[in-house]
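To start, the structure under review is shown below, and the notes come after it.
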Amino acid sequence: MSEIISDPDCLFCRIVAGEIPAERLYEDDEILAFRDVNPQAPFHALIIPRTHIATLNDLQPAQATLAGRLLAVAARIAAEQGFAEAGYRVAMNCNADGGQSVYHIHLHLLAGRQLAWPPG
Ligand code: 5GP
Ligand code: ZN
């Protein structure tokens, strides 16, 4: 198992630690998924590594498997929630122009309506 790094000032590290409540959907030794508090679709979950990685720019080569597992967990949750066939979107925002507001990487999983493309 890879080392878990935690930032006490990070909102999502605090959710991982259980200091801030969240509606958890999936967890294992590396990954946690929970519902977004401000959903942008009928179903909106966030899939995060337990370890603190601020942005996609900070992902290390040794964390490539972990990054891939975020996608696999997203697909698993989408299937469990019944969205595999209808479809869904996964997205990761990076830094200001990407629209990132929480600096602990997270995959958005959005489903339950027709999603527009291109995104705004
Ligand atoms: P970003 O804008 O960084 O890509 O996405 C951050 C997401 O975190 C937003 O969709 C926002 O609604 C969500 N979020 C912010 N604070 C909380 C919180 O305290 N709990 C949960 N469950 N989601 C949060
Ligand atoms: Zn963090």
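Here are a few things to note about the model shown:
- Proxy reagent accessibility, fewest Cβ within 10 Å first, across Thr55, Thr65: Thr65, Thr55
- The Cα center of region 40-76 and the Cα center of region 1-37 differ in position by 11 Å.
- With θ taken as phi - 60° and the Karplus curve 6.51 cos²θ - 1.76 cosθ + 1.60 applied, the whole-hertz 3J(HN,Hα) list for region 29-43 is 5, 10, 10, 10, 10, 8, 6, 5, 5, 10, x, 9, 7, x, 10 Hz, x standing for glycine and proline.
- Taking 4.7 Å between beta carbons as the limit, the unpaired Cys residues of the chain are Cys94.
- In the chain, helices alone account for a calculated mean residue ellipticity at 222 nm of -6500 deg cm²/dmol, with every DSSP H run of four or more residues adding -39,500 (n - 2.57).
- Residues whose placed amide H lies under 5 Å from that of Gln100, excluding near-sequence neighbours: Cys94, Asn95
- Shape category assigned to region 11-111 from the gyration tensor of Cα positions, a/c cut at 1.5: rounded
Bear in mind that the values in this text are calculations on the coordinates, not laboratory data. This structure is a prediction, so every number in the text was calculated from the model and none was measured. Note that each Cβ is placed from the backbone with ideal geometry, even for glycine, and that neighbours are counted across all protein chains shown.
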